[in-house]
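Derivation of every value follows stated rules applied to the coordinates shown; laboratory data play no part. Bear in mind the structure is a predicted one, so any value in this text is a computation, not a measurement. Here Cβ is always computed from backbone atoms with ideal geometry, including for glycine, and neighbour counts include all displayed protein chains.
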Ligand code: SF4
């Protein structure tokens, strides 16, 4: 019998759950809400929120006199200050993990550490951290090593909360080639949700013949799950919408693993499973919970 093996930790992470719940409650009361960039990196969720009145703005000034929600990635301090001059109605959905790392960055910067921020320079979480760190910081893209002046007395290494462990480890080794080990402090700032899903992606990719990762193409944590899956199973596929599963030729696979990014609604996963079962009705009779 062919099987679908569903990951245990599919659906929204708690940071995204909090942001989406908060946005829905505000929209219920105020009928309008603004956010700088997508509230979550998932087009299906965004479509639903936009229908309820959420407006994605690209400039802080567009929030003038409107309620505004800070997304789970956080907001750079200079932007927050600017925002306050346009609206008084600000709701903060910064994920507690991101907030914790932001506080750490602030502390280290105040203590005159030079901070290496390992992550995507274009990601809002990293951009906000860079602003918090001020001049005492350099962003290191995973896969790139960074040379720094040896004049600094102490260094700290911090990673984006959704990094994969192997990319972070590699980046750390690269950085440590350029600075004295005894003067470097390394922080594991990858969030436990990301670590858990990465472990599960690896295990499912090994166990199944094919792995389907459901999540937004712009979602950093989803991309990391795909990266991990592909390392051990070349039949790892990323889909954003349930219907996309029809485009993958899965006929030759006996066991199909399914996992999701942190901003994918569990309803979307159910639709993927239903679609799979519909197109392969006679072949996939069971949905096994992954254990
Ligand atoms: S993936 Fe982790 S850091 Fe990001 S929003 Fe979810 S819980 Fe927070």
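For the chain, the longest principal axis of the C-alpha atoms and the axis of helix 14-30 are separated by about 90°.
Segment residue 29..residue 217, full-extension length gain: 64.6 nm, with 0.36 nm per residue of separation and the alpha-carbon distance subtracted. A Förster radius of 51 Å, combined with the Cβ-Cβ distance separating residue 274 from residue 144, puts the computed FRET efficiency at roughly 0.75. Apply 1/(1 + (r/R0)^6) to the Cβ-Cβ distance of residue 247 and residue 207, taking R0 = 25 Å, and write down the FRET efficiency to the nearest 0.05. That pair, residue 247 with residue 207, gives E of 0.60. Using the Cβ-Cβ distance between residue 9 and residue 173 with R0 = 30 Å, the FRET efficiency computed as 1/(1 + (r/R0)^6) comes to roughly 0.60. Normalised by the number of residues in the range 14-95, the average gap of Cα pairs under 8 Å and 6 or more apart makes the relative contact order 34 percent. Taking the centroid of alpha carbons for each part, the range 56-101 and the range 156-223 are 27 Å apart.
Modelled spin-label separation between residue 234 and residue 87, with each label point placed 7 Å from Cα along the Cα-to-Cβ direction: 4.9 nm.
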